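Scroll down for the structure; my scribbles are underneath it.
The values are calculated or read from the model by the stated rules, or taken from the named source; none is laboratory data. Treat the numbers as computed from the prediction; the structure is a model and nothing was measured. Positions of Cβ are backbone-derived with ideal geometry, glycine not excepted, and every protein chain shown enters the neighbour counts. Accessible surface areas use protein heavy atoms only, side chains included; no ligands, DNA or RNA. Shrake-Rupley method; radii C 1.70, N 1.55, O 1.52, S 1.80 Å.
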Amino acid sequence: MSKKINMSRRDFLRLTGMSSLAAGVYTLPGVGSVLAQDDQEVTIFFWDGPPLIGIREKALAPFDDAYPGCKLNFTSVPGGPNQGYNDKLFTGLAAGIPPDVFIIEIGLLPQFLKDDLLLDLKPYVDADDYDLSQFPDLAIEAYTHEGGIYGMPDNVASIAIFYNQDLFEEAGAMLPTAQWDDEGWTVDDFFNSCEALTKTDANGNTTQWACDVTGWDKVWQTWVRIFGGQLVDDPFFPTECALNEAGAVEGLQFYADLRWEYGFAPRPEAMAEMGTGALMQTGRLGMFYSGSWAFPNYREADFNIALGHYPSGPGGRANYVYYYPLVVPKTTQVPECAWNLLKFFNGPAMETIIREGGLQGTSFAEQEKWFVTDPLPPANKHVMLDAARHFVAPDPVLTNWGEITQIMQAQIDLLLIGEERDAKVVCDEIVRQVNPLIAEGQWRTG
Amino acid sequence: MSLAQFVKNQSGFANLSISYQRGETLLAWAMVSPWVAGFLLLTAFPMVASLALSFFKWNILSPPEYVGLANYHKLFFSDPLPMHSLKITVIFSLASIPLNIVFGLVIAMLLNTNIRGLAVFRTIYYLPAILSGVAVAILWQWIFSSDFGLLNTALRIFGIEGPAWLGSKVWVLPAFVIMRLWSVGGGMIIYLAGLQAIPTDLYEAAEIDGANWWQRIFSITLPMLSPTIFFQLITGVIFTMQIFTETFIMTDGGPANASLFYLLYLYRQAFQNFKMGYASALAWVFFLAILLLTIILFATAKFWVYYEAESEEDN
């Protein structure tokens, strides 16, 4: 038989107030975990949406068992850095309660280093004799500052040419090479393949395009490098923009001309809003640029799809590889657990992530073992690994590189949408606008 | 009863009355206190803080550094993008606000007649107004697709080859204007309420006097509806100048900054470039610009807005 408890309003209010106070005290940093158990909670922030969010969470779930005493708190803010993730991260940083491990865009790393916010991982690397040679040298170099190491790779994501092999063979066009050091597959070969692939109907309307001309900054920047140009004079210690030098101008002009001069690429009115996917899936586009995140879209394609390298030009062969770091804030209360989590992420967890099709991977050995051997389309996945091995084009190390790319992009847009046909005009304007910002964003001397 | 006793009783009643009033006042304050606390903590304080921040350089990660008027100097004299984005926002507003008012009014007038299925039509026109901004943006991204989109497909039926709506410097602003027209149903409901509040005897009297349809519209409907139109104008200016979601989702300010609306530029400075001080200066300049515009519109109201109550007082 239940017993009715009589409680006055005053008692009720007292009880409510005390409960709220207890809950408030419990949520103070550290108190809850001390009260609950001796485990040290280590919080990690990612920005993935589905399906990667689930893959990562599943891969990291065994961490608690692998490192007794550490307890993982996994958080993901879907949508990428500019869709709420950075807001959440920076709010936590401003409030003094950042996560213990978090991913940042590589362009933000200089500001974090300048403000001395990150934990130096070098002592942990040395203590564990942790092998950094498994990662791309340039990525580790980018995370290094004054002898300290301030990040570990979250992923190494290469960009490659995805091509419809059936269309190439039907047109008798040379296939993009899958070997980095291949002497063939030059800019001329690329041009000839584009010519063979582009088809028009009796009215002169294009029915099949050879390639994509996208505003994606990493792609036009690669074309700059293929022609021997560069974005700034020295990526690690930039002092001025180099986009108005001959190689850079030539590369951008070639890239824009693929659309406006030769008609190899669809004009904006044919595809700007929808991207390349629809044209590729319907067999109206020969090739486009993307990374491993596009693989799932082509698993069931009714044509043969494969990967190839960019062509080589006066500047050699070039590429771009994303190398966003996972970092640990200096203020973390659980540095050991944070380091263990980084090791676990780049070890057992990464194997699961690669095998489930989540990422390209971080270490070369794991990529070779799991990523390259994946039998599902597209073919030639080793192209991605090759690109990562030969990665030589880091983002310029400036505290305001993100702002500078916004300025560059607005001008490059003019060239790619045909408002301005002369790349030199665009490049000169970029240099004029960007050089003062480079001076503003410098924070260390060589 | 002695005089002294009477006075004592009276003062006791007065005390009781004062105490009752005080209780009522306290209760009223208690009732509004959640809102007041919310306003002070979440609106007033951040506003004052942002005003103070506008004189600092602050990237969140390191302590703020006082820079005086440098942010305002940069905004007006060295950075071309604030004025560029303001110009784009004003052009968009000049096109969008009148069209929204006219279309909203016309649809409301059509739906103020006695036709079959009126409730269904009203619901259909109102539906877009309740959809989330992000969902609408994504939907319109598909509609505007030049190759596969509904809009250009429809134009092709008439032999017109539509432009690259979102990929062209020329067409991107008209695209946003068209898109905003789609959610005209929100204003329509308010016009509809205004139309139904107009006394029918005015129309009957005008009809007896021989007024035709146009005369009834211009001499009765529009004057009687002018407070509603004024309200829609003021809220429309504020809402339209604050356009953000559509451009953030659909174009990210492109191509070549052709859709870089003011708030998107402010957002970039604050949350992508982490220049909180500069973003605060941008916000305050924008706030003052909208405030000034609103004051001007209020000042013009006496020339064209007809308030029946005021008119009765005058008589």
query = Of all residues in the stretch A:213-258, which are touching a strand residue (DSSP E or B) at 6+ places or on another chain (Cβ under 9 Å) and within 14 Å of another protein chain (Cβ to nearest Cβ)?
reply = A:T214, A:W216
remark   = If we keep only residues of the stretch A:284-297 that are open to solvent by 10 Å² or more (accessible area, probe 1.4 Å) and over 18 Å from the mean Cα position of the chain (by Cα), then the residue nearest to A:V187 (Cα to Cα) is A:R284
key: Residue tally, condition within 14 Å of another protein chain (Cβ to nearest Cβ) and among the charged types (D, E, K, R), over the stretch B:160-214   = 2
Among residues of the stretch A:82-132, those that are under 24 Å from B:R268 (Cα atoms), open to solvent by 30 Å² or more (accessible area, probe 1.4 Å) and free of Cβ contacts under 8 Å to residues at least 60 places away in the same chain, counted = 8
note = Flagged in the stretch B:268-284 as open to solvent by less than 30 Å² (accessible area, probe 1.4 Å) and either more than 8 Å from chain A (Cβ to nearest Cβ) or farther than 20 Å from B:V67 by Cβ (or both), in numbering order, are B:Q269, B:A270, B:M276, B:G277, B:Y278, B:A279, B:S280, B:A281, B:L282
inquiry  = Looking for something within 24 Å of B:F76 (Cα to Cα), touching a Leu at 6+ places or on another chain (Cβ under 7 Å), hydrophobic (A, V, I, L, M, F, W, C) and in a helix (DSSP H, G or I) - is there at least one such residue anywhere in the stretch B:231-238?
reply    = yes
ask   = Could you list, in sequence order, the residues of the stretch B:108-150 that are surrounded by 15 or more Cβ atoms within 10 Å (Cβ to Cβ), among the β-branched types (V, I, T) and within 14 Å of chain A (Cβ to nearest Cβ)?
value = B:I143
task = Look through the stretch A:268-283, keep the residues that are more than 7 Å from every other protein chain (Cβ to nearest Cβ) and surrounded by 19 or more Cβ atoms within 10 Å (Cβ to Cβ), and return whichever of them is modelled with the highest pLDDT.
result = A:M280
ask   = Would you call B:I97 closer than 24 Å to B:S259 by Cα and assigned by TED's automatic domain parsing to the domain that holds B:I243?
value = yes
request  = Hey, could you check the stretch B:52-91 for residues that are more than 17 Å from B:M241 (Cβ to Cβ) and of a type in the set (S, T, Y) and say which is nearest to the other protein chains (Cβ to nearest Cβ)?
outcome  = B:S62
ask   = Conditions: (1) surrounded by fewer than 23 Cβ atoms within 10 Å (Cβ to Cβ); (2) more than 12 Å from chain B (Cβ to nearest Cβ). A:R432 meets all but one. Number of the miss?
value = (2)
ask   = Exactly one of (1) aliphatic (A, V, I, L, M); (2) closer than 20 Å to B:Y307 by Cβ; (3) open to solvent by 30 Å² or more (accessible area, probe 1.4 Å) is unmet by B:I238. Its number?
value = (2)
remark   = Only one of B:G277, B:G254 is of a type outside the set (S, T, Y) and outside any helix (DSSP H, G or I), namely B:G254
query = So is B:L173 within 23 Å of B:P98 (Cβ to Cβ), surrounded by 16 or more Cβ atoms within 10 Å (Cβ to Cβ) and in the same structural domain as B:I101 (by TED's automatic domain parsing) or not?
reply = yes
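This table checks each residue for (1) buried (at least 17 other Cβ atoms within 10 Å of the Cβ); (2) within 15 Å of the chain's Cα centre (by Cα); (3) at positive phi.
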position	(1), (2), (3)
B:P227	yes, no, no
B:I234	no, yes, no
B:T247	yes, no, no
B:L263	yes, yes, no
query = Does A:L398 count as part of a helix (DSSP H, G or I) and either on the phi < 0 side of the Ramachandran plot or of a type in the set (D, E) (or both)?
reply = no
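Being out of contact with any strand residue (DSSP E or B) (no Cβ under 6 Å at 6 or more places or on another chain), at pLDDT 95 or above and not in a helix (DSSP H, G or I) is true for just one of B:L260, B:L264. Which residue is that?
B:L260
Looking at the stretch A:82-100, is at least one residue within 14 Å of another protein chain (Cβ to nearest Cβ), charged (D, E, K, R) and part of a helix (DSSP H, G or I)?
Yes, because at least one residue in the stretch A:82-100 is within 14 Å of another protein chain (Cβ to nearest Cβ), charged (D, E, K, R) and part of a helix (DSSP H, G or I).
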